[in-house]
Amino acid sequence: MDKSKKILIVSFAPVILTIIFILYAVAPAVGNYSAANNDYMEEKTAYIDTQNQLNTLKENKSLAIELANLREKLADFDTQIPENDDLAILLVDLQKFAKNNDVKVLSLDADPESPMEIIDPKVQKLKEKKKNKILAKEKENTEPVQLYQIPLKLVLLGHYKNILNYINTLELYGRKITLDGILVTKYKTNKNSSEPALEVTINCTVYKLERMDMDALLTKNEDKSK
Amino acid sequence: MKTININLIGDTGKSIKKTVKVSREGIDNRVKIISISAIAGSSLIFVICLLTWTGAFLFTKKLDSDLKKLKTEHQKIGMELAKSSKEMKNLSQEKKIMETKLLVKKQLDTNTMPWHKILADISAMVPKDVKITKIMKLTGDSDKNTTINIEGTIDAAISKTASPLELVSYFAINISENKADDFYLKEAVIKMVEFDDKNNIYNFRIQTSLKMPREENTEKEGV
């Protein structure tokens, strides 16, 4: 072989080795770097997004303020309308009031509880009853609470003034009692007193509020919409 | 004495010198330049590539380490976000419950009548000898629509000052004509008066509307 050719071949050996080095070492290394850089940038973008979302959530104080206002407005709500019927406690209190007002509780009948529709009184004033019915039907499954009414029939015996005071005590009582009607069933005259004793039946209603399982409600609604 | 000089390597040395000379002279200048360029170029490129490879390797390693840290940090704030989202969801649910409770409160407050005051008003207006037997709320959709039925009896024999029918009329007039601000009843209408033969009494029914004095006053003040 010619010497020049030998020299050329020997001289091109480093070139070939360099090419091999580029192909098998440099290019993959650069590729790896590029991939790692992409991964890093993607992760960084996702991190910034999450950070922003977190900051937005932390800065959203309006909901907390609204809740605080609502809590203030509804401070005595759970006493007025408890989650259980608590009729035993009510009976004890009614007896206590009767004793304080010199009235005798002759009987107390409680009818079975029944669900009650929750309606905004302002909306009803606008006489959009038809629309309300549709809305109520739609709302039916999404209301987070269910209101129940428990009708009571309370029979009292006492003088008119005492019964009036008793009714006043009921109105001031912590638990919400709505009076629907008063029936005077008997007038009992007494020789010792100028005023007759009255046997009065008071038709009234107490309420209870049950919390619904929100997750179950949402699932139910989703199923319905499907 | 004769010295014999024996040159054992003389020719060989000469021949080597000759060979070197020949080989140097035998290489073409182009080949020289190409081979030098190839070696120099490839060496230069090799060095650059080596630096690039080292740099890429080190940076990749650093990026991997940074990525690991970032992922850990991201996971941490991701958990915090999930927690905050859950809290926010709970707050939203609580808000909805509170709003419904407020609606319930308004609804029940609207339907609640001040019975003590109403009974006091009735007892102040009812003429003597008239016995009230039943007071019922008829409608409770809103304050303006709420009406009250008042039922009672008058003993036909007892009344001396006026006839039973007059007493019922006085009772209705007393309610209708009382314009006091703190009076809760208005517009009394006599719905029924009938004589009960068996008991010798008159049964009557008066229907009256309910006004809420305090609310009316506040509305006027507001205007």
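The values are calculated or read from the model by the stated rules, or taken from the named source; none is laboratory data. Just so it is clear, the model here is predicted, and its values are computed rather than measured. A quick note on method: Cβ atoms are made from the backbone with ideal geometry, for glycine too, and the neighbour counts reach across all protein chains shown.
What the table shows:
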{"item": "Residue tally, condition among the hydroxyl-bearing types (Ser, Thr, Tyr) and at the interface with chain A (Cβ under 7 Å from one of its Cβ atoms), over the range B:58-84", "result": "2"}
{"item": "Total residues in the range A:31-67, condition part of a helix (DSSP H, G or I), within 37 Å of the chain's Cα centre (by Cα) and exposed (fewer than 14 other Cβ atoms within 10 Å of the Cβ)", "result": "11"}
{"item": "Qualifying residue in the range A:146-155 (condition: at the interface with another protein chain (Cβ under 8 Å from one of its Cβ atoms), at pLDDT 90 or above and touching a Leu at 6+ places or on another chain (Cβ under 8 Å))", "result": "yes"}
{"item": "Some residue of the range B:23-33 being part of a helix (DSSP H, G or I), hydroxyl-bearing (Ser, Thr, Tyr) and modelled with pLDDT of 90 or more", "result": "no"}
{"item": "Scope the range A:64-85; condition charged (D, E, K, R) and free of Cβ contacts under 8 Å to residues at least 60 places away in the same chain; matching residues", "result": "A:GLU66, A:ARG71, A:GLU72, A:LYS73, A:ASP78"}
{"item": "Hey, A:GLU117 charged (D, E, K, R), more than 30 Å from A:THR201 (Cα to Cα) and modelled with pLDDT under 90 or not", "result": "no"}
{"item": "Test result for B:ALA40, of a type outside the set (Lys, Arg), in contact with a Phe, Trp or Tyr (Cβ under 7 Å, 6 or more places away or on another chain) and either modelled with pLDDT of 90 or more or within 30 Å of A:LYS3 (Cβ to Cβ) (or both)", "result": "no"}
{"item": "Qualifying residue in the range A:120-135 (condition: within 14 Å of A:MET212 (Cα to Cα) and either modelled with pLDDT of 90 or more or in contact with a helix residue (DSSP H, G or I) (Cβ under 9 Å, 6 or more places away or on another chain) (or both))", "result": "no"}
{"item": "Failed condition for B:LEU108, given (1) over 20 Å from A:THR185 (Cβ atoms); (2) more than 14 Å from chain A (Cβ to nearest Cβ); (3) at pLDDT 85 or above", "result": "(2)"}
